[in-house]
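> Have a look at this one.
What follows draws every value from the coordinates through simple rules; no lab data is involved. Keep in mind it's a predicted model, so treat the numbers as computed, not measured. Using ideal geometry, Cβ is built from the backbone for each residue, glycine included, and neighbour counts are taken over all protein chains shown.
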Amino acid sequence: MELALKYISLITACGTGIAFVIGLFKWIDQRARDQEQRIYEAFHKMVCIASGTDESGRTVKMVQQIAAIYQLRKAGTPT
């Protein structure tokens, strides 16, 4: 019993540290997923515009199509 009481603060600190590390990994993973989703949505939007329509189906101007094609080429270039 004395041994458990002696190390209870150490056990508590270790548990807190482990919970923090797990939470940090979850946060990093969620942030990466959110970033991938934003990139996918932007890519989808640019493809729609390059095809001549926006997401609501309205026709876009040629200048917008050219800009979208430029963005798509830029996105496809490895960094």
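> Per DSSP H run of at least 4 residues, take -39500 (n - 2.57); add these up for the chain, divide by its residues and hand me the 222 nm value, nearest 500 deg cm²/dmol. Write out the running numbers ahead of the final one.
On the way: 2 runs with 64 residues, N = 79.
Per the formula, -29500 deg cm²/dmol.
> In whole Hz, what ³J(HN,Hα) sequence does segment 22-32 give by Karplus (6.51, -1.76, 1.60; θ = phi - 60°), x for Gly and Pro?
4, x, 5, 4, 5, 5, 4, 5, 5, 5, 5
> Explain nothing, just the number: dipole magnitude of the chain about its Cα centre with +1 on each Lys and Arg Cβ and -1 on each Asp and Glu Cβ, in debye rounded to the nearest 20.
On the way: 10 positive and 7 negative charges, 62 e Å.
With Lys and Arg at +1 and Asp and Glu at -1, about 300 debye.
> With the contact rule set at Cα under 8 Å and sequence spacing of 6 or more, what percent relative contact order holds for the chain? Working shown, then result.
Values: 31 pairs, mean separation 14.6, N = 79.
The value is 19 percent.
> For the chain, what class follows from the C-alpha gyration tensor (a ≥ b ≥ c being the square roots of its eigenvalues): rounded when a/c is under 1.5, otherwise prolate if a/b is larger than b/c, else oblate? Show your work: numbers first, answer last.
Details: a/c = 9.73, a/b = 4.47, b/c = 2.18.
Cα axes put the chain in the prolate bin.
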